Amino acid sequence: MRSTNVPARVKAKKRLMKSVAGYHAGPGTMYRRALEANKRSEQQAFVGRKLKKRQYRQLWITRINIATRAAGLPYSRFIAGLQAADIRLDRKQLSELAIHEPATFQSLVEQARAALA
């Protein structure tokens, strides 16, 4: 007699249909359409996780640039000055300092300016 592993297949189908619950029309009710929609959504989620990192870094750089230009130094010169002064803070930390502790950030700008001179 042929064995078909039915319980595992039913469980897999249920898991898939639960993951696409709420999708409009076919993908929410038909197995094959659900399979395609789920595969596509997983691909887009993977790409989205990479894009999120890129967008956050872009936001931090924009915030730092605004703060450094207000202090009279462009972003690129500020970063070069930090490297010359051997100050190792990542852009996320610099962004937080620029927003929440402007005095501390101003002292970093002065140290970067002094290292460039």
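Where the second residue is part of a helix (DSSP H, G or I) and of a type in the set (S, T, N, Q) and the first is under 16 Å from L35 (Cβ atoms) and lies in the range 1-25, which pairs have Cβ atoms under 7 Å and are six or more apart or on separate chains?
L16/N38; S19/N38; V20/N38
Taking the range 13-30 as the region of interest, how many residues are surrounded by 11 or more Cβ atoms within 10 Å (Cβ to Cβ) and not in a loop (DSSP other than H, G, I, E, B)?
The qualifying residues number 8.
Within the bounds of the range 86-101, is there any residue that is among the hydroxyl-bearing types (S, T, Y), closer than 23 Å to K53 by Cα and assigned to a helix (DSSP H, G or I)?
Within the range 86-101, the first condition is being among the hydroxyl-bearing types (S, T, Y), and the residues that meet it are 95.
Checking which are closer than 23 Å to K53 by Cα leaves us with 95.
When the remaining residues are screened for being assigned to a helix (DSSP H, G or I), the result is 95.
Yes, that holds for at least one residue.
Which one of Q83, Q55, Q106 is of a type outside the set (S, T, Y), in a helix (DSSP H, G or I), more than 30 Å from A117 (Cα to Cα) and out of contact with any helix residue (DSSP H, G or I) (no Cβ under 6 Å at 6 or more places or on another chain)? Steps first, answer last, please.
On the way: Q83 fails: more than 30 Å from A117 (Cα to Cα); Q106 fails: more than 30 Å from A117 (Cα to Cα).
Going through Q83, Q55, Q106 in turn, just one is of a type outside the set (S, T, Y), in a helix (DSSP H, G or I), more than 30 Å from A117 (Cα to Cα) and out of contact with any helix residue (DSSP H, G or I) (no Cβ under 6 Å at 6 or more places or on another chain): Q55.
Any residue that is within 30 Å of Q111 (Cα to Cα), out of contact with any Cys (no Cβ under 7 Å at 6 or more places or on another chain) and at pLDDT 95 or above - is there at least one of those in the range 22-41?
Going residue by residue through the range 22-41, those that are within 30 Å of Q111 (Cα to Cα) are none.
No, every residue in the range 22-41 fails to be within 30 Å of Q111 (Cα to Cα), out of contact with any Cys (no Cβ under 7 Å at 6 or more places or on another chain) and at pLDDT 95 or above.
The values are calculated or read from the model by the stated rules, or taken from the named source; none is laboratory data. Owing to the predicted nature of the structure, the values given are computational and were not obtained by experimental measurement. Neighbour counts are summed over all protein chains in view; Cβ atoms, including those assigned to glycine, are modelled from backbone coordinates with ideal geometry.
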